Every structure is written in structure tokens, then in C-alpha cells.
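All remarks here apply to the structure that follows.
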Amino acid sequence: MTIPEIIKKRGSARTRINYQDGWYKELNQLLKLNDLFPEKESLIEITLKEAKEIVRILLQKRIAFSVEMMSFKEASEYTNLLFSGINETECRCFTNGRWMDYKQSCSFGFNAFTDSTFDGGVLISSRDTNFCFWIEEED
């Protein structure tokens, strides 16, 4: 189980998985480092538990049409891999939409952080590791 496998499974979508050392108190700086629009006011703060669930949701299904890209079990295993190095103490987690609502509906709002038609993910800032998981798709 590797990060390149995750990217391959996601197919034609652009899958961004970045880890960085250091603590970025300024979120716009962290957004820029991950090639995302520096619009921190559009981020939604979430819990680490919610961040893990959002990554699992975005791994499992395409944003545009909710087509399954991998099984729930496989998406959960990849999510555990991605979060294995994240220290839960003093981390702040952010996303760009109400992805928890995505499970029940195909119409909900999100704030775009790229020029793609659809994008979504999580950004985590902590003292030890900063993590970005972001998907970009076209319809």
C-alpha cells in the first residue's frame, strides 16, 4: 500500500498529497505551498476525525458524479496510511466544503481552491507535520 497506488486508483483526477515539516501559523502561506488559492477565509475548520472521514469519502468516490473509485474498505485502509504520521495534539484541520453532506446528497456547496471544475480536500497544520490531501476533477 503506497501513495503512488492511491494516485493511480484515483485515475484521471489530480490527486495532491503533500507532507511538510514546520508549523505554519499563517494559513495562506500553507495554502500557497500546496498550490491552492490563498483564501484562508474560505476554509472551514473541522476535527481530525472529520478530516479522516472526508479523505475516505474523496478517495472512495469521484467528486463530479459520485462514481465509486474504490471500495469503502480500501479507501479506509489508504486513509489510515495517509494519517499514520499525523500527531493529533495541537493540530488544526480545514476543508473547503460540507463533505459529510456529500454522503447523502450530490448537491451541496464547496469553496473552490483551484481552477478545476471540482476540488476538495483537507489541510492539516500541526507542530510536527503539515498535511494536504486535495482532489481536482473536471466534469
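A simple spin-label model places the labels of D35 and T117 2.0 nm from each other, with each point 7 Å out along Cα-to-Cβ. Annotation: lysines with alpha-carbon distance below 20 angstrom to K49 (same-chain offsets under eight excluded): K61, K73, K103. The stretch 1-126 has equivalent-ellipsoid semi-axes of 21, 18, 14 Å, by the square roots of 5 times the alpha carbon gyration tensor eigenvalues, sorted largest first.
Mean sequence separation of contacting Cα pairs (under 8 Å, at least six apart), scaled by the length of the chain, corresponds to a relative contact order of 35 percent.
One Cα centroid belongs to the stretch 18-73, the other to the stretch 112-139; the line between them spans 4 Å.
Taking label positions 7 Å along the Cα-Cβ direction at both T2 and K25, the computed distance is 3.9 nm, reported to one decimal. Computed over neighbours whose Cβ is under 10 Å from that of E26, the net charge equals +3, Lys and Arg +1, Asp and Glu -1.
None of the figures in this text is laboratory data; all of them are computed from the coordinates on show. Bear in mind the structure is a predicted one, so any value in this text is a computation, not a measurement. We place every Cβ from the backbone using ideal geometry, glycine too, and count neighbours over all the protein chains shown.
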